[in-house]
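First up is the structure itself, then whatever we jot down about it.
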Amino acid sequence: GLFYFWRSEHATSGALVLYGNVDIREADLAFNVAGRVESMLAEEGDAVTKGQLLAKLEPETFQAEVDAADGQVAAQRATLNRLLAGSRPEEIKEARANVEAISADLEDAQATLRRTEKLAKTQVAAQQKLDQDRARVKSLTAQLNAAQQRLSLAIQGPRSEDIAAARAELQVRQAELTLALQRLSYTKLVAPEAGVIKTRIVEPGAVVLAQAPVYTLALASPLWVRTYVPEPYLGDIHAGMTAQVFTDSAPGKAYDGWVGFISPVAEFTPKTVETPEIRTSLVYRLRVYVKDPDHGLRQGMPVTIRLKLAPAGATPEKGSSSDGGTGGPHS
C-alpha cells in the first residue's frame with residue numbers, strides 16, 4: 001500500500017517533512033490508421049526521445065492513394081491552365097476560315113436557287129430541284145450561324161465562370177492530395193515525448209485497428225510526487241515554493257522540486273496513513289514537481305519531501321505562483 005504521513009521540524013529548522021510516492025504519467029501509443037505492422041523498432045525498457053520513430057505500418061496502400069491524388073491534381077491543373085491561356089491564335093484562325101468557307105457555299109447555293117426559281121416558272125421538272133436548292137440554302141444558313149457563334153466564342157475565350165469552377169475543382173483535388181499524404185504519414189508512429197517504453201503490445205505482421213495501442217510509454221517529464229499536507233500547515237504552503245525530495249536508496253541526495261498543485265478540496269486522511277492520532281484529520285492533496293537529471297526516480301517509489309517554511313510573520317517566497325501549473329523555480 002501507499003503510506004502518507006508527516007512530521008514537523010518547524011520548531012527547530014523551519015521545515016515541514018512530508019512522505020509520498022512518485023507519480024509518472026503513462027501514454028498509450030497507437031496508429032491513427034488501420035493496417036499491417038511492418039516493423040516495431042523499440043523494445044521494452046528502451047529510453048526514447050521525442051520524435052523518435054517507434055513503429056511502421058506497411059505503406060503500399062497509402063502510397064497508392066497519394067499517387068492517384070497526385071495524378072488528379074496534375075490533370076486538373078492542366079485543365080485550369082488551358083482555360084487561363086484562352087483560345088490559341090490558330091483556333092481563332094481556323095474558326096474564321098470555317099465561317100468564310102460556309103459563307104462562300106451559301107452564296108453559291110443562293111445563286112443556284114435564284115436560277116432554279118426562274119426555270120421553275122416554265123419547266124415542271126425544275127420544281128423538284130427547287131425544293132432541294134431551298135433546303136440546301138436553309139442548311140447552309142444554319143451552319144453559318146453556328147460557325148459565327150464558334151468564332152465569337154473563340155475570340156472571347158473561356159468564360160470567367162468556367163475558370164472559377166476549374167480553379168475550385170483544383171482546390172478540391174489538392175485537398176484530397178493533402179489528406180492522402182497525411183494518411184501516409186500516419187503509417188509511422190513516433191514518440192510524442194521523451195520517456196521509457198514500458199510495454200510492447202504487438203509484433204510485426206499483426207493487423208491493428210486505428211487507435212489500438214501498440215506501446216505504453218512512461219513519460220520522462222514532468223515527474224511529480226503525490227503527497228498530503230495536514231490542514232494546520234496549509235497556510236504555510238503555496239504554489240511555486242521550492243522543495244527537496246529524497247529517496248530511501250539515496251537519502252543524502254536531494255532532488256530539486258517545487259510545489260505545483262494544491263488541492264482546493266479537503267479529504268479525509270487516506271486509510272493507509274499509519275499515524276493513529278491523526279487518522280481522522282482533514283488533509284489536502286499536494287503535487288510536488290521534481291527534476292530528475294539522473295533518472296533515479298521510478299513509478300511508485302516512496303520519497304521524503306522537505307519544504308522550507310517561512311518564519312512566522314515573514315512574507316511568502318518571492319516569485320510564488322498560485323496557478324498550480326508545472327512552472328516553478330526549477331522549470
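Any read-out appearing in this document is the output of simple, stated calculations on the displayed coordinates, not a laboratory observation. Fair warning: this is a prediction, and the values are worked out from it, not measured in the lab. Note: ideal-geometry Cβ built from the backbone for every residue, glycine included; neighbour counts use all protein chains shown.
Worth a mention:
- Listed peptides 243-249, 223-229, 43-49, 259-265 by packing density, highest first (mean Cβ within 10 Å): 223-229, 243-249, 259-265, 43-49
- Counting only Cβ charges, +1 for Lys and Arg and -1 for Asp and Glu, the dipole size of region 177-258 around its Cα centre is about 480 debye.
- Size descriptors for region 156-223 (Cα atoms only): Rg and Dmax, in that order, 21.8, 71 Å.
- Distant-in-sequence amide contacts of residue 55, defined by a placed amide H-H separation under 5 Å and a gap of 5 or more residues or a different chain, comprise 41, 189.
- Note on region 16-141: Rg/Rh from C-alpha atoms, Kirkwood Rh, equals 1.67.
- Distances between every pair of Cα atoms in region 174-262, grouped in 5 Å steps from 0 to the bin holding the largest one, split as 3, 9, 12, 13, 12, 11, 9, 9, 9, 7, 4, 2, 0 percent.
- Cross-link pairs 198/291; 56/253; 50/253 - those with Cα-Cα distance over 32 Å: 56/253
- Highest mean first, the peptides 195-201, 57-63 sorted by other C-beta atoms within 10 Å per residue fall in the order 195-201, 57-63.
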